[in-house]
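All remarks here apply to the structure that follows.
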Amino acid sequence: MKTLFRQHVFAFRVSLRHFFSPRSGFFLNVLVVAIALSLPFAGLTVLENVRPISEQLSVEPEISIFFSLETPRESVKAAEPQIMQILQETHSYGKLEFVSRENALTKLQDKSGMSDAVSALGGNPLPDAYVLRLAGFDNLAEAHRIDTIASQLQALPGVDLVQVDSAWVKRLSALLHLMRLSLLFLAATLGVVVIAVVFNTIRLQVMSQREEIEVSRLVGATDAFIYRPFFYTGALLGLCAGGLALGAVAITLQPLNQAIADFARLYASEFQLTPLGIVPTIAMLIMSAGLGLAGSLLSVQRHLARLR
Amino acid sequence: MIEFQHVTKQYSKDAIALSDVSFTIGKGELVFLAGPSGAGKSTVLNMIAAVERPSSGTILVNSQNVGKLKSSGLPYLRRNIGLILQQQRLLYDRDVITNVMLPLIVCGAVPSDAEKRARAALDKVGMLDKAFWLPMSLSGGEQQRVSIARAIVNRPQIILADEPTANLDRVSADQVLSALKAFHSVGVTCIISSHDEQFLDSANHVIYLAKGKVVDHWEDLSPCRELS
């Protein structure tokens, strides 16, 4: 066990020597890999920032049930138990609020500041309505359940229009889903780029250290002993590039946030992009090192087998 | 200790390096592989170290069939063999002591112990004062002595020397020969392939190869030499 540990320490030292060797062009390779990684990291940072907002929006979807103007108040009131029954049947629960046409008109006048214009209408054009605030919706994946409830409510007698206020949330959800898929595709493509860059870097190292490899074999080195420094080199390359890419994204957020703050202020929002948290950062660093390791693994197997 | 049984090595239809070669080398012998260029001397040494595999026949090293040894077993065979090559194959970007330490490091030795043993090996070949020099700044003879130190540092049972004095002047060649004799005297089996007939005087077993075949074979030469 101690011997194995010693050999790992030796391999790590050798990989550091490769790392700092002026001939290796290692820092240039780190830069290339970092550029490739920074794109998906930036995308992930944006998604991670937007995700909580979309989740918050979807917590309490609202359904507005508008009755036709001809429906008498008694019939509207009689619809309340039917609405509650629909909720029960769909295993949903929520808060139902009746908004009389008179109340709605008052609110409209107060809110819009168009009391004169509304008075000019000569009558109340607004219908009686219910506002149903659904609870227990943890995520947007449950949006289909809202559609089921809405279609059942539409079938109630006297109901003119059922408006699902979460429609735009669903659109945002679809957009985020599309972004996630695009990011995944981008990450996969750039992951291949990273593996290719590491593959080539290690190939050049194997070629430049051909003599050392052959001599080591002649004096009794095992394949594992020969491979290990290259694995460490690949993993280190990935790790450094990942760290550099994350740092670059975090630095880029600063000037970007100023522009975002100006924009968000127009919507009375304090939205700002923040760098990835500690857990996603560690996960990204591990993933970067893993990509580097994968590239070196493929390269070493291919090129050292040829040397043998 | 080492046994060749009807060994043939054929690279292509017309390129036959060894043809039906058989001989036995006992433990502690100093063997001189003689013969003209292209006789197959280097091939014999390469096969003992499993650098090359026989096309047919059997090679036994310490009762181990080298020809059938799996690649995972090769490093452990080579750790018992010290290789000295005509081209010393030193690592020119490392200092002398790092080169000598390499066989110990690959075995997982503690670096401080490895350095101690490397210093001792360099001392045996008279190169301790140049332990931290780069090989490029050494003469050909000195580089060869460094490669001898590397070959003996892990105390191998067998030393294979392929043209160890080629391209060396007489003084350097004598130093190399003295070093090899010293290891033989402590029971190490030394097999030396060379054109240098000076080795003949020291060898107690001579195998003369020509065109890939054993032409002459003299064993137990030491008693005869003592009588003469």
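Dipole magnitude of the protein assembly as shown about its Cα centre, charges +1 at Lys/Arg Cβ and -1 at Asp/Glu Cβ only, in debye to the nearest 20? Could the numbers behind the result be given before it?
On the way: 49 positive and 47 negative charges, 363 e Å.
Here the size comes out at about 1740 debye.
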| Cα centroid of segment B:54-81 to Cα centroid of segment B:109-178, whole Å | 25
| If you plug each phi of segment A:152-163 into the Karplus form 6.51 cos²θ - 1.76 cosθ + 1.60 with θ = phi - 60°, what whole-Hz ³J(HN,Hα) values come out, in order, with x for Gly and Pro? | 5, 5, 4, 7, 5, x, x, 6, 9, 8, 10, 10
| message | Suppose every Lys and Arg Cβ carries +1 and every Asp and Glu Cβ carries -1, with no other charges. What dipole size does segment B:42-129 come out with about its Cα centre, to the nearest 20 debye? | response | 380
| request: Return the FRET efficiency for the residue pair B:Arg155, B:Lys211: r is the Cβ-Cβ distance, R0 is 45 Å, and the value is rounded to the nearest 0.05. | output: 0.80
| Positive-end residue of A:Leu181, A:Ile35, A:Leu156, charge dipole of chain A with Cβ unit charges | A:Ile35
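Determine the sum of side-chain charges near B:Ser137: Lys and Arg each +1, Asp and Glu each -1, restricted to other residues whose C-beta is under 12 angstrom from that of B:Ser137.
Values: positive: B:Lys130; negative: B:Asp95, B:Glu142.
That works out to -1.
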| task | Select from A:Phe231, A:Ile146, A:Thr252 the residue farthest towards the positive end of the dipole of chain A; place +1 on Cβ of Lys and Arg, -1 on Cβ of Asp and Glu, and compute about the Cα centre. | result | A:Phe231
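With all protein chains present and a 1.4 Å probe, how do A:Met207, A:Met84 order by accessible area, largest first? List each step's numbers first, then the result.
On the way: A:Met207 115, A:Met84 80 Å².
I get A:Met207, A:Met84, largest accessible area first.
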| query | Which of these, A:Val164, A:Val194, A:Val118, has the largest mean-square fluctuation under a Gaussian network model of chain A (Cα springs below 10 Å)? | reply | A:Val118
| request: May I ask which residue of B:Ala149, B:Leu177, B:Pro75 lies farthest towards the positive end of the charge dipole of segment B:66-205, with charges of +1 (Lys, Arg) and -1 (Asp, Glu) on Cβ and the Cα centre as origin? | output: B:Pro75
| Chains A and B, summed buried accessible surface - 1.4 Å probe, Å², nearest 100 | 1800
| remark: Simple spin-label estimate for A:Ile278/B:Asp169, 7 Å along Cα→Cβ, in nm, reads 6.9
| task | Could you please state how large a percent of the accessible area of the protein assembly as shown is carbon and sulfur, counting protein chains only and using a 1.4 Å probe? | result | 60
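Largest first, what is the accessible-area ranking of A:His18, A:His91 with a 1.4 Å probe?
Numbers: A:His18 10, A:His91 160 Å².
Output order, biggest surface exposure first: A:His91, A:His18.
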| field | Over chain B: helical MRE at 222 nm, DSSP H runs n ≥ 4 each giving -39500 (n - 2.57), nearest 500 | value | -10000 deg cm²/dmol
| note | Summing +1 per Lys or Arg and -1 per Asp or Glu among the other residues with Cβ less than 14 Å from A:Ser100's Cβ gives -1
| query | Label A:Tyr93 and B:Lys27 with points 7 Å out from Cα along Cα→Cβ: what is the distance between them in nm? | reply | 8.7
| query | Hey, what's segment A:240-291 come to in accessible area per residue, 1.4 Å probe, Å²? | reply | 62
| note | Whole-Hz Karplus couplings 3J(HN,Hα) for segment A:198-208, θ = phi - 60° and coefficients 6.51, -1.76, 1.60, Gly and Pro as x, run 5, 3, 5, 4, 5, 4, 5, 5, 4, 5, 6
| Within segment B:52-70, backbone nitrogen closer than 15 Å to the virtual label 7 Å beyond the Cα of B:Asp20 toward Cβ | B:56-58
| said: If the reach is capped at under 19 angstrom between alpha carbons, list the lysines near B:Lys130, excluding any in the same chain fewer than eight residues apart. | reply: B:Lys116
| query | Under a 5 Å amide H to amide H cut-off, with H placed in plane at 1.01 Å, what residues pair with B:Arg94 once short-range neighbours are removed? | reply | none
| field | Å² per residue, accessible surface of segment B:104-184 at 1.4 Å | value | 42
| said: Cut-off 10 angstrom, C-alpha nodes, Gaussian network model of chain A. Which of A:Leu39, A:Leu276, A:Leu204 fluctuates the most? | reply: A:Leu204
| query | For chain A, what does the alpha-carbon gyration tensor say about shape, rounded, prolate or oblate, given a ≥ b ≥ c as the root eigenvalues, a/c under 1.5 as rounded, and a/b over b/c as prolate? | reply | prolate
| said: Can you compute the helix-only [θ] at 222 nm over chain A? Use -39500 (n - 2.57) per DSSP H run of at least 4 residues, normalise by all residues, nearest 500 deg cm²/dmol. | reply: -25000 deg cm²/dmol
| In sequence order, calculated HN-Hα J values of segment B:194-210 (Karplus, 6.51, -1.76, 1.60; Hz; x Gly/Pro) | 6, 8, 6, 6, 4, 5, 4, 5, 8, 6, 10, 7, 10, 10, 9, 10, 8
| remark: Lys and Arg at +1, Asp and Glu at -1: neighbours of B:Arg94 with Cβ under 14 Å from its Cβ sum to 0
| message | At a cut-off of 50 Å², which residues of segment B:75-102 become less accessible once all protein chains are present than in their chain alone, using a 1.4 Å probe? | response | B:Arg78, B:Arg89, B:Leu91, B:Arg94, B:Leu102
| Okay, which of segment B:150-167 sit inside 17 Å, backbone N to the point 7 Å along the Cα-Cβ direction of B:Lys181? | B:164-165
| message | Treating only the Cβ of Lys, Arg, Asp and Glu as charged (+1, +1, -1, -1), what charge dipole size does segment A:203-308 show about its Cα centre? Round to the nearest 20 debye. | response | 420
| request: Quickly work out the A:Asp165-to-A:Arg17 label distance, labels modelled 7 Å from Cα along the C-beta direction, and quote it in nm with one decimal. | output: 7.0
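Sequence gap at least 6, Cα distance under 8 Å: using those rules, report the relative contact order of segment A:240-304 to the nearest whole percent. The partial results should precede the final answer.
Working: 22 pairs, mean separation 24.4, N = 65.
Contact order relative to length: 38 percent.
The values are calculated or read from the model by the stated rules, or taken from the named source; none is laboratory data. If you're wondering where the values come from, they're calculated on a predicted model, not measured in any experiment. Don't worry about glycine lacking a Cβ; one is built from the backbone with ideal geometry, like all the others, and counts go over all protein chains shown. Ligands, DNA and RNA are excluded from the accessible area calculation, which covers all protein heavy atoms including side chains. Shrake-Rupley method; radii C 1.70, N 1.55, O 1.52, S 1.80 Å.
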